[in-house]
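K.L.:
Below you'll find the structure I mean.
The values are calculated or read from the model by the stated rules, or taken from the named source; none is laboratory data. None of the values given here were measured: they were computed from a predicted structure. When we count neighbours, we look across all protein chains shown, and the Cβ atoms used for this are built from the backbone with ideal geometry, even at glycine. SASA here: full protein model, heavy atoms, side chains in, ligands and nucleic acids out. Shrake-Rupley method; radii C 1.70, N 1.55, O 1.52, S 1.80 Å.
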Amino acid sequence: MRRSFFAVALAGLLLTGQAWSQECSQTIEGNDQIQFNKKELRVSKSCKEVTVTLKHVGQLAANVMGHNFVLSKTPDFQAIAQAGQGAGPPNFLPAGDARIIASSNIIGGGQEVAVKIDMSKLTPGGDYTFFCSFPGHFVLMNGKFIIE
């Protein structure tokens, strides 16, 4: 009886640890149809850092159908994306723009990239949007970044 109690307790701790690590690590996919597979990413306010991995599950090259992951406050995301079009390749982001909280490089089909987000820069309950800054993609490829 005592042994089974400890086995259940240990399993619970392992599962809790697994759930905990998943909250601080997220994966999102972009495809050749200009879509992310998620419209929101939820992360725990207890995370000091969050790693977002972007996987490009399409086949087209980065210069044709490139994707990246950019995080900003929601009121800033469209202006950043539009400024990025003027900035051009390789990442279609204005250099040194303080409104960009985190961003990855542009990747093409079959590639993946990870970006680390310092959660001390974010406020739980704040209004944040993630998007792709490749020209025109931000219109369809955006979603909410929610801290709970």
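K.L.:
About its Cα centre, how strong a charge dipole does the chain have in debye, to the nearest 20, once Lys and Arg get +1 and Asp and Glu get -1 at the Cβ?
P.N.:
It comes to approximately 500 debye.
K.L.:
Something else about it: Identify all aspartates and glutamates with a Cα-Cα distance to LYS39 below 12 Å; exclude those on the same chain that are fewer than 8 residues away in sequence.
P.N.:
GLU29
K.L.:
I would also like to ask the following. Select from region 103-148 those trypsin sites (Lys or Arg not before Pro) which occupy a DSSP coil region and have at most 11 other Cβ atoms within 10 Å, ordered by residue number.
P.N.:
Passing both the DSSP loop test and the Cβ count: no residue.
K.L.:
Angle, helix 77-87 long axis vs. longest principal axis of the chain, Cα atoms, 0 to 90°, nearest 10?
P.N.:
Orientation of helix 77-87: about 50 degrees from the principal axis.
K.L.:
Does region 79-148 come out rounded, prolate or oblate by the C-alpha gyration tensor, with a ≥ b ≥ c the root eigenvalues, rounded set by a/c under 1.5 and, if not, prolate when a/b is larger than b/c and oblate if not?
P.N.:
prolate
K.L.:
Right, another one. Of the DSSP beta bridges with both residues in region 21-141, give the percent that are antiparallel, rounding to the nearest 5.
P.N.:
75 percent
K.L.:
In region 26-148, carbon and sulfur make up what percent of the accessible area (probe 1.4 Å)?
P.N.:
49 percent
K.L.:
I'd like the Karplus ³J(HN,Hα) series for region 64-70: coefficients 6.51, -1.76, 1.60, θ = phi - 60°, whole numbers in Hz, and an x wherever there's a Gly or Pro.
P.N.:
These are the phi-based 3J(HN,Hα) values: 9, 9, x, 9, 9, 10, 10 Hz.
K.L.:
Find which of PRO75, HIS56, ASN37 sits farthest along the positive direction of the dipole of region 23-79, computed with +1 on the beta-carbon of Lys and Arg, -1 on that of Asp and Glu, about the Cα centre.
P.N.:
PRO75
K.L.:
Considering only the other residues whose Cβ falls under 13 Å of the Cβ of GLY109, what net charge follows from Lys and Arg at +1 and Asp and Glu at -1?
P.N.:
-2
K.L.:
For the chain, what does the accessible surface come to per residue with a 1.4 Å probe? Please give it in Å².
P.N.:
It amounts to 56 Å² per residue over the chain.
K.L.:
Using a 10 angstrom cutoff on alpha carbons, build the Gaussian network for the chain and name the most mobile of ALA102, ALA114, ALA87.
P.N.:
ALA87
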